[in-house]
Structures are given as structure tokens and as C-alpha cells.
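The values are calculated or read from the model by the stated rules, or taken from the named source; none is laboratory data. On a predicted model such as this, the values are computed, not experimentally measured, just so you know. Note: ideal-geometry Cβ built from the backbone for every residue, glycine included; neighbour counts use all protein chains shown. Heads up: the accessible areas ignore ligands, DNA and RNA and are worked out on the full protein's heavy atoms, side chains in. Shrake-Rupley method; radii C 1.70, N 1.55, O 1.52, S 1.80 Å.
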Amino acid sequence: MEYQQLGANMTAVMEEVCLVWIRSGFECKPCWMVVLLQKICNLFIQMSRKFLQGEEVMRRLVSEPGLVLQDVRLVICTLQTLKEAYSQCWTKNQSQDGVTQSWNFPSHLVFFHLDNFLTRLQNIQEVFSVSLQLHQLAQTVLSSVRSRMRTDVVQEVYQDFLCQVTVLSGCNCDATDPDDQRFELHLFQFQDQVSDLERQLVSVLSRAFEDCCVSSSAAKLVKMFRFILDRPLIQDQMRPHLIRLVELVLVELEQTELLFHGQREESETFSKFTPAAAARLCWAQQLELRAEDALNSYKTVQHLCVDSAVSQLVLQRFQQIVDLLQDFKDRVRSDWSRQLDSDCGFILEQPLIQHNQQGMLGVNCSHELEATLRELRYVSRETDVELRPHAARLFTCRDDVTQSYLILSHMMSCYNQVLSGVLQVELPLIQDQQQDLFQTLSELQKNTWSCEGVQHLLERQRGRVLILHSTVSEARANMDAMTCIIQGWAELHLLQHSGDSLLHGGATEQSWRGIREEGQQLLRLTQVNRSLYGAEDSSESWIRYLNHIDDKVQDGLFQLLLRSLHFLSDNMNPQSCSPALFAVRLQLQETGSVFEPSLDGGLSDLLKTIIADIYKAASLPARISVSRPGNYQMSLQQSPDLSALEQDIMHHLLQVREEAEHLRAGLDRYSYLWQSDRMQVIQDFLTYSRQLGPEELEAEETPPTLKDFKREIESLHRLSREVTHLDDVIVLHSWLQVDLRPFRESLLSVIHDWRRMYTEHLLDRWSDSLQQVMCADGDEESSSSSSIPPTETMVLLEAAGVQLPEHLSAQLQL
């Protein structure tokens with residue numbers, strides 16, 4: 001069998017030995033029986049050494065001391081079981097009658113080798129036990145102020161111990177052989193090292209205990225060092241500190257009692273979210289737990305103390321505190337039971353509902369009922385609280401009462417919501433239902449919480465309240481949706497900048513379509529509300545309700561128109577910093593400079609169209625009221641505020657028109673360029689050398705010279721530069737953008753035509769002059785008499801940008 005099974009069979013082995021002693025004629029002698037028992041002991045010693053793997057025992061001291069220690073303890077227990085079985089057989093044989101010879105040989109002859117083996121095993125057990133204890137101690141972290149330092153000291157002690165353990169585990173010997181003296185030598189050295197380490201640990205523990213000011217901290221130390229406190233040397237050295245721990249336990253018990261007497265009166269304030277009585281019981285329970293913690297601290301060292309008087313004193317003080325707290329809890333439970341019964345009796349006789357001064361309904365004594373039900377929930381957890389008749393009655397039906405209370409609270413909340421948010425025009429529509437429901441609910445005042453069938457009664461009435469609440473809530477939600485649509489109109493931007501920061505037309509078709517569709521939605525919502533209220537189309541209350549909605553719609557449209565007209569007026573203000581609203585072009589036509597579109601017709605018509613579009617938005621929603629004539633546009637056109645804004649806009653238009661005309665008049669200084677007859681002007685120039693300009697002067701016939709041509713061409717060149725530097729765009733009154741580029745390009749074209757006319761005449765004259773020079777064949781007098789010198793003329797024409805014909809260039813070279 002396995003070695004672990006040997007211990008359970010030791011009795012059977014010794015019984016067989018007894019049978020041999022009784023039945024065998026040869027073996028029934030002390031000398032032979034001693035030999036037989038010695039052989040049995042040697043067999044078990046051999047089996048034990050094989051089980052422990054004797055030569056490997058000490059080598060496993062570092063790697064797996066826990067497993068080896070278990071095996072060693074098993075072997076010791078098994079062998080001691082063998083000796084106990086022998087003792088039982090010896091006693092049995094001694095009590096037999098004289099039929100058989102009793103065992104009269106000394107037992108030390110039998111167990112001499114076994115006892116030596118057990119002694120060696122106990123030494124091995126001590127080595128492994130100490131090793132494990134110090135290993136567990138090394139993992140302990142002290143929680144005092146200087147815990148880090150003390151932990152380091154413990155670790156240092158442990159490291160020294162490991163060195164000795166390493167030496168011991170490395171000895172090349174069979175530790176399970178009692179005859180092997182090498183183990184004895186190492187064992188003595190190990191025990192000396194352990195004694196030294198114990199003294200160091202006593203010093204560390206003493207300082208740790210000195211830092212403890214409460215019994216719980218000292219008890220934690222005892223638990224932490226429980227691995228080594230049972231060692232005789234450490235226990236003797238630590239006895240004063242253990243006595244101090246007992247003193248701390250007594251102090252803790254004393255403080256617990258002082259807290260009880262000092263805080264007993266205000267104990268109900270220690271828990272704000274529980275009933276006062278439950279708070280007192282909880283407080284007493286906490287004190288009792290504190291006393292039990294102190295007692296548990298004492299129990300950690302009770303087995304180390306030999307003074308029975310001290311133990312009796314601790315237990316006596318603890319029991320006094322427990323009795324004191326128990327008496328307090330009994331009184332609290334009794335008072336709680338009596339008061340709770342009174343409160344439950346009061347609640348059970350109260351009417352279900354009550355009226356307030358504002359005509360609202362509410363659950364009667366709702367706060368008291370909630371508090372009482374909450375206390376009943378706490379009482380259900382307290383098995384020692386006696387429930388008197390009223391409390392027991394309410395406790396029995398507490399679930400039904402709670403459910404009824406929730407139903408009634410919901411009903412009252414729904415009913416009050418209907419009344420609290422009612423509009424004046426809405427009240428006539430629900431007045432009949434509201435009054436009928438009020439009468440029905442008022443009948444609940446005749447019922448109390450002690451009446452039978454309260455929950456059934458509330459279930460029947462709840463449906464009517466919820467239907468009215470649902471109807472009114474849906475109708476008000478529809479009214480909120482209509483209000484949201486109307487507010488959206490008030491914040492809608494019909495006009496806005498687009499493109500090149502200019503206003504592009506008036507209101508868009510998309511905006512109109514949205515207003516029209518939302519107007520239809522308003523009609524649908526009003527019809528839904530008529531169905532919800534069950535109102536007749538011709539009833540006075542419904543007509544007033546529609547007029548109320550109609551006023552809101554008209555006000556929203558008024559805000560829409562007001563915002564749009566304000567947009568125009570504000571952006572047409574000369575002080576405005578916004579981008580220009582409108583743009584016109586100044587063009588040069590045969591009749592002169594004109595604005596496109598015209599300020600009199602085009603821009604004015606555009607503004608009137610935009611204003612008309614703004615007003616048209618008010619005609620898009622269908623009229624809500626059936627008693628008011630016309631549409632919303634007709635009503636709003638009579639608004640003095642809107643009319644004042646419209647007049648302001650037209651005034652801004654008049655102002656900008658005057659400034660635009662002033663701008664155009666300033667550019668009329670070039671009018672002679674497009675108004676003069678070129679053929680007549682060139683004829684006068686060729687005849688009188690008259691200068692092109694707005695003024696005509698009397699002059700005699702004087703054919704023009706090259707200087708006259710040069711003067712005219714340079715004058716036109718200066719005009720061209722001047723016109724080129726005209727602004728592209730001019731903004732008038734901060735809102736009208738005038739584009740001068742069409743006028744400028746047309747005027748430059750006119751100036752170019754004038755200059756081309758002069759250069760062509762000059763070119764023709766120069767060509768004729770060149771022919772005359774060629775025909776004169778070098779006649780210097782004829783050549784010099786010409787008023788158009790060829791070379792200077794060529795230079796002038798090239799400066800004017802005229803490209804000479806090839807035949808003239810060839811003649812000039814010739």
C-alpha cells in the first residue's frame with residue numbers, strides 16, 4: 001500500500017503481533033518478541049527513509065520546504081501511531097488473566113532505533129518549520145510609521161537566514177540517518193544562527209509594538225508575526241508587549257462605553273437617510289462591532305497569556321458593554337414599536353386626497369405616509385421589533401397601500417398638470433370634462449386607507465384622469481409645434497446677400513413654398529386639436545381658440561415682414577458697413593451716359609417688387625380664424641410700423657438717386673467727346689487750327705501745322721490716361737454699387753476714334769508732302785516750304801502708335 005495508508009493500519013499490525021505472542025509456542029518469549037518488534041520498527045524506518053528520499057531531503061530545503069515539511073510530519077505521525085498501537089497492546093496484555101504471559105520487557109529495547117530516528121525527524125521538522133516561518137515573515141509589510149525601515153530589517157534578517165539555509169541544504173549527507181554526524185554538526189550551527197535571528201526579530205517586533213497606540217494595530221502585528229510568536233524565546237521576550245496589547249484592548253472597551261454615554265442622545269443624526277429609530281439601532285450595532293473587534297484583538301494573544309485574571313477581566317468588560325447596548329436597543333425597539341403603531345393608526349384614518357387653495361388636488365398626508373411606509377420597510381429587517389395592531393395591519397397590506405399610493409399620486413399629478421398649464425382660451429374647451437372629473441375625484445375624500453377596495457376604486461378612476469391628461473397633453477404639444485413654426489417665421493431671412501455680396505432678387509420660391517406648406521400644417525394641427533377637444537366648428541369657445549392661434553400667426557408674420565424690411569432699411573443706411581445691396585452700370589449711349597438699370601424706373605421697380613414679395617409672404621399661409629375677413633397680408637399692410645419702414649426705404653432710394661445724378665453730371669465733362677460732330681470738328685481744325693474742346697472760339701483761317709497736330713494728339717492721349725484711371729466701381733450711400741467700367745470702355749473707344757481721325761489726316765498730309773518732295777526732285781525751296789516735315793511727322797506718328805504703310809517707308813528711305 002501507499003505510505004500514506006500505513007498509519008491507519010498500525011493497530012492491525014500490532015494485533016497480529018499479539019496473536020503471535022499468544023499462539024506461537026516458539027515466539028512467546030521476551031527476547032524473540034523484542035527481536036520481532038525491532039525488525040518491524042526497522043522496516044518502518046526503512047520505508048520512511050525511502051518515502052522521504054533521505055539523501056534529497058536537505059537539498060529540497062530551499063526549493064520546496066513546504067512539501068518536505070508535510071512529508072516529514074506525515075512520517076512522524078505514522079511512527080507515533082505505531083508506538084501508540086504498541087502501548088495499547090501492552091495495556092491489553094497487562095490486563096489479561098494468567099492464561100498468557102504478559103509483556104514484561106522494557107519498551108526502550110524495542111524502540112531504541114525508532115526513537116533516534118524520530119528525534120532526527122523532529123530536528124528536520126524544526127529546520128523546515130523555521131524556514132517556512134521566516135519566509136512568510138519576510139513577505140509581511142508592517143503598517144506603522146516606520147514600516148518600510150522595519151520591513152527592510154526583516155528582509156535583511158531573512159537574507160542572513162537564507163545564507164545559513166543554503167549551507168545546510170548543501171551538506172552532502174543523509175539527514176534521515178541518525179548515525180550520520182555531519183548533519184548534527186550543521187544542525188548545531190543552524191540552531192545558533194536561528195537564536196541570533198530570533199533576538200534580532202524581537203528587537204524589530206518590540207519597536208513595532210511600541211508604535212501601536214490602539215489594540216487593532218497591535219492585533220494586526222500579532223497576526224502578521226503569528227508564524228514566530230509561538231517560539232519560546234520570542235514569546236518570552238515579547239510577553240511585556242503582549243500584556244500591553246491586553247491593556248490596549250481594555251482601553252478600547254472603555255472608550256466604546258464612553259462613546260455610548262456621550263453620543264446616546266444624538267445617535268439618530270448619524271444616518272440622515274434612515275428613520276431615527278433605525279439610525280439609533282445602526283449606531284448601537286456599530287458600537288457593538290467595535291467592542292467585538294477589541295475582543296477579537298485580545299483573542300489573537302489569548303493563548304499566549306497565562307494570566308487567567310486578565311482574561312476574565314477582558315471578557316467581563318466586553319459583556320458589560322454588550323449588556324448596556326442590548327438594553328439600549330431593547331428600549332429603542334419598544335419606543336419605535338409604540339410610535340410606529342400610533343403613526344400607522346393616524347394614517348389609516350386619513351382621507352385619500354386633499355384640496356389646496358389653488359384648486360389643485362393632492363395625496364393627503366403624503367409625506368407622513370411615505371415616511372411610515374419607509375419605516376415599515378426597515379422594520380421588516382428588524383426581527384426583534386414588535387408590531388402592534390395598527391402597525392401590523394398596515395404592514396400586512398403595505399404592498400397594496402404602496403401601489404395605491406403610487407396610482408393616486410400619478411392621478412393627482414396628471415390632474416394638476418392639466419389645470420396648471422391651461423390657457424384661458426383652452427379652459428372652456430375642457431371645462432365640462434374637468435368639472436366632472438373634479439366631482440368624481442372629490443368623492444375619494446370619503447375613503448381612507450383603511451377602507452376596503454381602495455386600489456380597485458383608484459384603478460377605475462385612473463383611466464378617466466389619464467385620458468383627459470393624454471388628450472390635453474397632445475393638444476398642447478400640437479400648440480407647441482404651431483408656436484415653433486410661427487417662431488421660425490419670425491426668425492426667417494427672406495432677403496440675403498448672394499453672389500458678389502449683392503442682393504439677388506427678392507424672396508425665393510423655396511422660402512414661399514416653405515411658408516405655404518407650414519401654413520397648411522398649422523391648419524392640420526388645429527383640426528387635430530378640434531377633434532381632441534371634441535369642439536363644434538361653430539361653437540364660441542372654438543372660435544375664440546382659433547382667434548388666439550390666428551393672433552399668434554399674424555404676429556409671427558408681422559415679425560417676418562418687419563425683419564425683412566429692417567434688412568432693407570438698415571442696409572440702405574449711409575452709415576451701414578454691410579456689403580452693397582444693389583448694383584447698376586453706367587453706360588455710354590448715343591444719347592449720353594445712362595444708368596442700367598435706370599434709377600428712376602429699373603431700381604425703383606426692383607425695390608417695389610422686393611417689397612411686394614415681402615408682403616406677399618404674409619398671404620401664403622391660409623387664415624386660421626374663420627371670423628376675420630381677408631388674409632394676413634391685408635391686415636399687415638395697415639401696420640404703421642411696416643409703413644414707416646417702407647417710407648424709409650424709398651427715402652434712401654431718393655437720396656442715392658440724387659447722388660448718382662451728381663456722379664453722372666460730374667462725368668459729363670467728357671460729353672463734348674461723344675456729342676461733337678467729328679467731320680465738322682476736323683474741318684474746323686484743318687481750316688482754323690481750332691483746338692478740340694467743349695468751348696468754341698472765333699478764329700481766322702489758319703491751316704494747322706505739325707505742332708497743331710501734335711498738340712491735338714497729345715491732348716487726346718492725356719484724356720485717355722485720365723479716363724483709364726477712373727474707378728472701376730463706386731459705392732453710393734454704402735448700398736448702391738455703380739459699375740463705371742462700361743462707361744470708361746466706351747469713352748476710351750470714343751477717344752481712340754478721335755485720335756485715329758487726327759492721325760489719319762496727318763498721315764494723309766504727310767504722304768502728300770512726301771510725294772511733293774519726290775516730284776520736286778530735290779528742290780530745296782519747294783521742300784522747305786512744306787508745313788509737314790517728313791521726318792518729324794514720322795516720329796510723331798510712331799509716337800502716336802500709328803504703323804506706317806510699307807510704300808511710304810520705302811519712299812521715305814529713297
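Pairs only if they're at least six apart or on different chains, beta carbon under 7 angstrom, first in region 624-646 and small (G, A, S), second surrounded by 12 or more Cβ atoms within 10 Å (Cβ to Cβ) and part of a helix (DSSP H, G or I); list them, first residue then second.
Short answer, once both residue conditions are applied: S625/L546; S625/N547; S625/D550; S627/I543; S627/N547; S635/Q554; S639/F558.
Looking at (1) open to solvent by less than 40 Å² (accessible area, probe 1.4 Å); (2) over 24 Å from E474 (Cα atoms); (3) at pLDDT 80 or above, find the lone condition where I430 falls short.
So I430 meets the others, but not (2).
Here's the yes/no breakdown for (1) modelled with pLDDT under 90; (2) charged (D, E, K, R):
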residue: R464; (1), (2): yes, yes
residue: D480; (1), (2): no, yes
residue: G488; (1), (2): no, no
residue: G505; (1), (2): yes, no
residue: T508; (1), (2): yes, no
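Condition first: modelled with pLDDT of 80 or more and not in a helix (DSSP H, G or I). Now tell me which residues in region 237-295 satisfy that.
Hit for region 237-295 is P275, nothing else.
Collect the residues in region 792-814 that are open to solvent by less than 50 Å² (accessible area, probe 1.4 Å) and outside any loop (DSSP other than H, G, I, E, B), keeping them in residue-number order.
T793, M794, L796, L797, L808, S809, Q811
What is the residue count in region 21-62 for residues that are part of a loop (DSSP other than H, G, I, E, B) and either within 21 Å of P178 (Cα to Cα) or of a type in the set (D, E) (or both)?
Residues that pass the stated criteria total 5.
Count, please, the residues in region 605-642 that happen to be open to solvent by less than 20 Å² (accessible area, probe 1.4 Å) and part of a loop (DSSP other than H, G, I, E, B).
4
Given (1) open to solvent by less than 50 Å² (accessible area, probe 1.4 Å); (2) under 37 Å from the mean Cα position of the chain (by Cα), where does M360 come up short, assuming only one miss?
(2)
Would you mention how many residues in region 84-106 are at pLDDT 70 or above, in a helix (DSSP H, G or I) and either open to solvent by 100 Å² or more (accessible area, probe 1.4 Å) or over 19 Å from I22 (Cβ atoms) (or both)?
Number of matching residues: 3.
Considering only region 643-665, I want to know if a residue exists there that is surrounded by 12 or more Cβ atoms within 10 Å (Cβ to Cβ) and within 30 Å of M757 (Cβ to Cβ).
yes
Is it the case that region 731-739 has a residue that's of a type in the set (S, T, Y), within 60 Å of the chain's Cα centre (by Cα) and farther than 17 Å from Q675 by Cβ?
Yes; the residues of region 731-739 include at least one that is of a type in the set (S, T, Y), within 60 Å of the chain's Cα centre (by Cα) and farther than 17 Å from Q675 by Cβ.
Would it be correct to say that E536 is at pLDDT 90 or above, open to solvent by 10 Å² or more (accessible area, probe 1.4 Å) and part of a loop (DSSP other than H, G, I, E, B)?
The answer is yes for E536.
Being closer than 20 Å to V528 by Cα, out of contact with any Cys (no Cβ under 8 Å at 6 or more places or on another chain), assigned to a helix (DSSP H, G or I) and not basic (K, R) is the requirement here; does S442 meet it?
No; evaluated as a whole, the condition is false for this residue.
Please work out if L468 is assigned to a helix (DSSP H, G or I), open to solvent by less than 50 Å² (accessible area, probe 1.4 Å), closer than 19 Å to V363 by Cβ and at pLDDT below 85.
No, not satisfied.
In this structure, does L408 turn out to be surrounded by 14 or more Cβ atoms within 10 Å (Cβ to Cβ), part of a helix (DSSP H, G or I) and modelled with pLDDT under 80?
Considered against the rule, which asks whether it is surrounded by 14 or more Cβ atoms within 10 Å (Cβ to Cβ), part of a helix (DSSP H, G or I) and modelled with pLDDT under 80, L408 comes out as no.
Of the residues I515, I543, only one is modelled with pLDDT of 90 or more and under 41 Å from the mean Cα position of the chain (by Cα); which?
Exactly one of I515, I543 is modelled with pLDDT of 90 or more and under 41 Å from the mean Cα position of the chain (by Cα), namely I515.
To keep it simple, each residue is scored yes or no on (1) closer than 18 Å to T78 by Cα; (2) in contact (Cβ under 8 Å) with a residue 24 or more places away in the chain; (3) exposed (fewer than 15 other Cβ atoms within 10 Å of the Cβ).
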site	(1), (2), (3)
Q4	yes, yes, yes
M14	yes, yes, no
L19	no, no, yes
K29	no, no, yes
W32	no, no, yes
L43	yes, no, yes
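Which of the residues that make up region 305-354 are assigned to a loop (DSSP other than H, G, I, E, B) and over 30 Å from L458 (Cα atoms)?
C305, V306, D307
Every residue in region 578-589 that is at pLDDT 85 or above and surrounded by fewer than 18 Cβ atoms within 10 Å (Cβ to Cβ), please.
Across region 578-589, the qualifying residues are R585, Q587, Q589.
Please identify the pairs in which a residue from region 413-434 that is under 18 Å from H355 (Cα atoms) has its Cβ atom under 6 Å from the Cβ atom of a residue that is open to solvent by 30 Å² or more (accessible area, probe 1.4 Å), counting only partners at least 6 apart or on another chain.
Every condition considered, the pairs that remain are C414/H469; N416/M360; V418/H469.
Report yes if some residue within region 388-395 is farther than 23 Å from G453 by Cβ, of a type outside the set (A, V, I, L, M) and at pLDDT below 80; otherwise report no.
Yes, that holds for at least one residue.
So which residues in region 715-734 are free of Cβ contacts under 8 Å to residues at least 60 places away in the same chain, open to solvent by 80 Å² or more (accessible area, probe 1.4 Å) and under 30 Å from R765 (Cα atoms), if there are any at all?
R718, R721, E722
Quick one: E491 ticks every box in (1) farther than 30 Å from S578 by Cβ; (2) open to solvent by 60 Å² or more (accessible area, probe 1.4 Å) bar one, so which box is it?
(1)
Listed here are the residues, each with its yes/no results for (1) out of contact with any Gly (no Cβ under 6 Å at 6 or more places or on another chain); (2) open to solvent by 40 Å² or more (accessible area, probe 1.4 Å); (3) more than 25 Å from H493 (Cα to Cα); (4) not acidic (D, E).
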site: W542; (1), (2), (3), (4): yes, no, yes, yes
site: D551; (1), (2), (3), (4): yes, yes, no, no
site: L557; (1), (2), (3), (4): yes, no, no, yes
site: F567; (1), (2), (3), (4): yes, yes, no, yes
site: N573; (1), (2), (3), (4): yes, yes, no, yes
site: T591; (1), (2), (3), (4): yes, yes, yes, yes
site: P597; (1), (2), (3), (4): yes, yes, yes, yes
site: L603; (1), (2), (3), (4): yes, no, no, yes
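With L620, L686 as the choices, which residue is in contact (Cβ under 8 Å) with a residue 40 or more places away in the chain and closer than 30 Å to H752 by Cβ?
Exactly one residue qualifies, and that residue is L686.
Every residue in region 655-689 that is assigned to a helix (DSSP H, G or I) and farther than 24 Å from Q589 by Cα, please.
Within region 655-689, Q655, Q683, D684, F685, L686, T687, Y688 meet the criteria.
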